[in-house]
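Here's the structure, in structure tokens; my notes come after.
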Amino acid sequence: MGSLSFEKDFEPSAVTPRGLAPPGLIVNGDFSEMMRLKVSSTPTTPRKNLNLSVTEPGKNDGPNLDCTLMNYIDTLTQRINYHIGYPVNICYEHYANLAPLLQFHLNNCGDPFLQNTVDFHSKDFEVAVLNWFADLWEIERDQYWGYVTNGGTEGNLHGILVGREIFPTGILYASKESHYSVAKAAMMYRMNFENINASINGEMDYSDLKAKLLQNKGKPAIINVTIGTTFKGAVDDLDVILQTLEECGYTQDQFYIHCDAALNGLIIPFIKNMITFKKPIGSVTISGHKFLGCPMPCGVQITRKSYINNLSRRVEYIASVDATISGSRNGLTPIFLWYSLSAKGQIGFQKDVKRCFDNAKYLKDRLQQAGISVMLNELSIIVVLERPRDHEFVRRWQLSCVRDMAHVIVMPGITRETLDGFITDLLQQRKKWYQDGRISPPCVASDIGAQNCTCSYHKIDFIIP
């Protein structure tokens, strides 16, 4: 393979890598309950279309292809400023420069560090991207292995699989606020699973972790550490978890730690250096389409090279070895990631992070001043607020809702103008929902804490000294 370079001192280097457990019982009643709910719960609302006239391929009774696509593009363009509930960075302008690549089929099948038998791949770009993240997460280039995934879920599936292969009898520990793909991994790999309680802010309950580690003493621990929970943006404290393992008598050859940093993996390093392979972690994954931004879902998964032999299999058909989950992999996404990283640089990331933090605090303060229950965790760009009462409002702003909460994720593409529009719309609608104060908003103290709740009961706590 050739060599591509980043700006400044980031340069890729070709790295040559060194030369299923029996089904387990899934434990913990909460997970079993979740599995029952999967079958018995009420089906979700059927998907509504976007008012597009999309006909079945081969039918000639609808608009022509160009009209259909233009209508779709117009609809998406109008909805961009209302996309505030999910972690996708839609602020990128390099698609025009990279559009000519769409004429080629690029498949990065197999190991990123080995030669291909065909030329239609982007592994040079992929290795450059992986080297950038290896430097960011402080692991030497001859000590790591990784690949560009199809998203954060694949990264979690891979990281947990590496841990399971090292410790076939290990128990998977994860917070109840972890991404749902972690429980999916436990189900797919038939792993023993301990669902750890979470504090009110979404962070792992370390006392519950300690109790369950002691309860299962003698069995290896595979721990999913969430660096930014999906809904509240809470960060599990890696140092406290490592200390807890030590207090429970677990040595480094008795545990494996996977860090799910899907959103925060490109935020935290520019504020507080907590993601590092200098600590005894086994793997880290991020989503490339979230804070960085990419038109297609993608991610980056990095683990220690010494661990990957347990997964690598030689595949004669592709003349390579493969330790990935998906086999065939999108060859376009590494180029998009490489281009974004090169164009933005670390200074660009620092500016994005600062702007997102400032805007998240701005939104939180404005909502708080308006008497709306709201919470913002430290090191988070996710503003959690009381759930709007109108489904149409939720749908208009494309909000994610859980129980009595909704959240806004303040990504780089979200401007103050967008936030002001959301606040104005919310305040106007609340007057209707709560009849100009004659009806009290719901209490959300159990979801975001009494100190963040402004219901009629907890509001008194702010008034009485």
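Brief remarks on what is shown
- Test result for Leu136, open to solvent by 10 Å² or more (accessible area, probe 1.4 Å) and in contact with a helix residue (DSSP H, G or I) (Cβ under 6 Å, 6 or more places away or on another chain): yes
- Of all residues in segment 87-124, those satisfying the criterion of being outside any loop (DSSP other than H, G, I, E, B) and closer than 15 Å to Trp145 by Cα are Lys123, Asp124.
- Close contacts from segment 326-342, counting a first residue that is farther than 17 Å from Asp119 by Cα and a second that is assigned to a helix (DSSP H, G or I) and modelled with pLDDT of 95 or more, with Cβ to Cβ under 7 Å and a gap of 6+ residues or different chains, come to Ser326/Glu154; Leu337/Val129; Trp338/Phe125; Trp338/Ala128; Trp338/Val129; Leu341/Val129; Leu341/Trp132.
- Number of residues in segment 118-154 that are farther than 18 Å from Val321 by Cα and among the aromatic types (Phe, Trp, Tyr): the value is 4.
- Any hit, segment 321-331, residues being open to solvent by less than 40 Å² (accessible area, probe 1.4 Å) and over 23 Å from Met296 (Cβ atoms): yes
- Elements of the type helices (runs of 4 or more DSSP H) sitting completely within segment 141-246 and holding at least 3 residues that are open to solvent by less than 10 Å² (accessible area, probe 1.4 Å): these cover 152-166, 180-189.
- Residues that are under 16 Å from the mean Cα position of the chain (by Cα), farther than 16 Å from Ile257 by Cα and open to solvent by less than 10 Å² (accessible area, probe 1.4 Å) are absent from segment 109-120.
- Taking each residue of segment 225-254 that is small (Gly, Ala, Ser) and looking for partners that are in a helix (DSSP H, G or I) with beta-carbon atoms closer than 7 Å, six or more apart or interchain, yields Gly228/Asn264.
- Residues located in segment 75-86, provided they are surrounded by 11 or more Cβ atoms within 10 Å (Cβ to Cβ) and assigned to a helix (DSSP H, G or I): Thr75, Leu76, Arg79, Ile80, Asn81, Tyr82
Okay, residues lined up against (1) polar (S, T, N, Q); (2) touching an Asp or Glu at 6+ places or on another chain (Cβ under 8 Å):
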position: Ile347; (1), (2): no, no
position: Gln350; (1), (2): yes, no
position: Asn359; (1), (2): yes, no
position: Glu386; (1), (2): no, yes
position: Asp390; (1), (2): no, no
position: His407; (1), (2): no, no
position: Gln435; (1), (2): yes, no
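- Checking Pro297, Pro280 one by one, the residue that is over 17 Å from the mean Cα position of the chain (by Cα) and open to solvent by 30 Å² or more (accessible area, probe 1.4 Å) is Pro280 and no other.
- Just one of the numbered conditions (1) in contact with a Phe, Trp or Tyr (Cβ under 8 Å, 6 or more places away or on another chain); (2) closer than 30 Å to Leu161 by Cβ is not true of Asn377: (1).
The values are calculated or read from the model by the stated rules, or taken from the named source; none is laboratory data. The model shown is predicted, which means the values in this text are computed figures rather than measured ones. Please note: Cβ atoms are built from the backbone with ideal geometry, for glycine as well, and neighbour counts cover all protein chains shown. Quick note on the areas: whole protein, heavy atoms, side chains included, nothing else; ligands and nucleic acids left out. Shrake-Rupley method; radii C 1.70, N 1.55, O 1.52, S 1.80 Å.
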